[in-house]
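Written out below as structure tokens is the structure these notes cover.
The values are calculated or read from the model by the stated rules, or taken from the named source; none is laboratory data. Being a predicted model, the structure only gives us computed values, none of them experimental. Counting neighbours? That spans all protein chains shown, and the Cβs are built from the backbone with ideal geometry, glycine included.
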Amino acid sequence: MIDIHAHIFPEISREQAHALDPAQAPWLKITGPDAGMIMKGDSEFRPVVPVLWDPDLRVADMDRLGLDVQIVSATPIMFGYALDARKVAGWAARMNDLTLAYCAGHPDRLKALAQVPLQDTELACREASRAKAAGHVGVQIGNHVGDRDLDDAQLVEFLHHCAVSDIPVLVHPWDMMGGRQRMRQWMLPWLVAMPAETSLGILSLILSGAFERLPRSLKLCFAHGGGAFAFTLGRVDNAWKYRDIVRQDCPNPPSSYCDRFSVDSAVFDPKALRLLVDVMGSERVMLGSDYPYPLGEQRIGALVGETALLADDEKRRILAGNARSFFNLA
């Protein structure tokens, strides 16, 4: 099994974070032998567990779960898209080096995705290429930079660079809409806005016509099963058919673009997974857990491996085969 969606958080010191930005940059406070706290400036952001910064503990847990490989990426609070681009370029390079160091002791079990200063296209392309040369198997980006969605010309330029450079891209939602206004309780930003952000990223590329301008060689994957995309695709196709303002920049039905990207399997329900495979095709779904966070799959691979709603060949592709091809793994 190859898990393509799993996070780390290195032992970033308060001093390192404050050098980037004293109020917003994240760092790690170790609070006990089995616990830590991600800090944002001087405020507590999220309690965390040692597998985020201890690769030996992670690999031991992978053994317990029967997991062969994890492709690890930054916890999105590490992105720094709202901060000074040149400072964030140095920060991203340091974080990427720390991620490679995290994987170095278990090179056959742990693979790294890089982060980039996405607010500056030139710097982002430069760091993506440097990271690939250093050993990263792809990059992870957020689904937007401030008010700019993935159809923004500069973000499309970055995706074009990744396409021609054979750098796979995982898109992860972050900085969710409405989180500080109407969705303050019950983790609603994660339960409502996060799937919406992912769908927004996908549809911004489809309806803007960006996929028409991007090479078909682009390897693009959206986390969390593509959010609400699969369930609402019929509504989008219907709108494209009957409303010219929906199709004005999109020459083909939205459903015809499902072969331009992949999604992970983190949908937590067998029937939802079957729908996702029916919409996307089993060759465009990859195992993703969101490990080790509480909203992730607790028994990684169980949803795919144990359901009677998938055929054995579909399971093999989703559990490992698709990821090997997508990330160029031996």
Original post:
Restricting region 99-124 to residues that are crowded, with 24+ Cβ neighbours inside 10 Å and among the polar types (S, T, N, Q), which is farthest from G142 (Cα to Cα)?
Top reply: T99
Original post:
Which of (1) surrounded by fewer than 20 Cβ atoms within 10 Å (Cβ to Cβ); (2) part of a strand (DSSP E or B) is the odd one out, the single condition A6 does not satisfy?
Top reply: (1)
**OP:** Return a yes/no flag: does region 29-37 have any residue that is touching a Phe, Trp or Tyr at 6+ places or on another chain (Cβ under 9 Å), free of Cβ contacts under 8 Å to residues at least 60 places away in the same chain, part of a strand (DSSP E or B) and β-branched (V, I, T).
**Re:** yes
Subject >> Single residue of region 63-76 satisfying the filter (in a helix (DSSP H, G or I) and surrounded by 17 or more Cβ atoms within 10 Å (Cβ to Cβ)) that is farthest from the chain's Cα centre (by Cα) >> reply: L65
**OP:** Go over the candidates R235, R299 one by one and state the one that is under 24 Å from L191 (Cα atoms) and in contact with a Leu (Cβ under 9 Å, 6 or more places away or on another chain).
**Re:** R299
**OP:** May I ask you to list the residues in region 38-62 that are assigned to a loop (DSSP other than H, G, I, E, B) and either touching a Pro at 6+ places or on another chain (Cβ under 7 Å) or polar (S, T, N, Q) (or both)?
**Re:** G41, V49, W53
Original post:
For region 207-224, what are the residues that are within 19 Å of V236 (Cα to Cα), out of contact with any Cys (no Cβ under 6 Å at 6 or more places or on another chain) and hydrophobic (A, V, I, L, M, F, W, C)?
Top reply: A210, F211, F222
Original post:
Taking region 232-246 as the search range and keeping residues that are under 21 Å from R213 (Cβ atoms) and within 28 Å of the chain's Cα centre (by Cα), which one is surrounded by the fewest Cβ atoms within 10 Å (Cβ to Cβ)?
Top reply: V246
**OP:** Within region 163-194, track down each residue that is modelled with pLDDT under 95, under 22 Å from S73 (Cα atoms) and part of a helix (DSSP H, G or I).
**Re:** P189, W190, L191, A193, M194
Original post:
What number of residues in region 247-270 are surrounded by 22 or more Cβ atoms within 10 Å (Cβ to Cβ) and outside any loop (DSSP other than H, G, I, E, B)?
Top reply: 4
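Just to be sure before I move on: is G146 surrounded by fewer than 23 Cβ atoms within 10 Å (Cβ to Cβ), at positive phi and of a type outside the set (F, W, Y) in the structure I sent?
Here the answer is yes, as G146 does meet what is asked.
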Original post:
Just wondering, is there one or more residues in region 280-288 that are out of contact with any Pro (no Cβ under 9 Å at 6 or more places or on another chain), acidic (D, E) and under 30 Å from E157 (Cβ atoms)?
Top reply: yes
Subject >> Number of the exception - G178 against (1) on the phi < 0 side of the Ramachandran plot; (2) surrounded by fewer than 20 Cβ atoms within 10 Å (Cβ to Cβ) >> reply: (1)
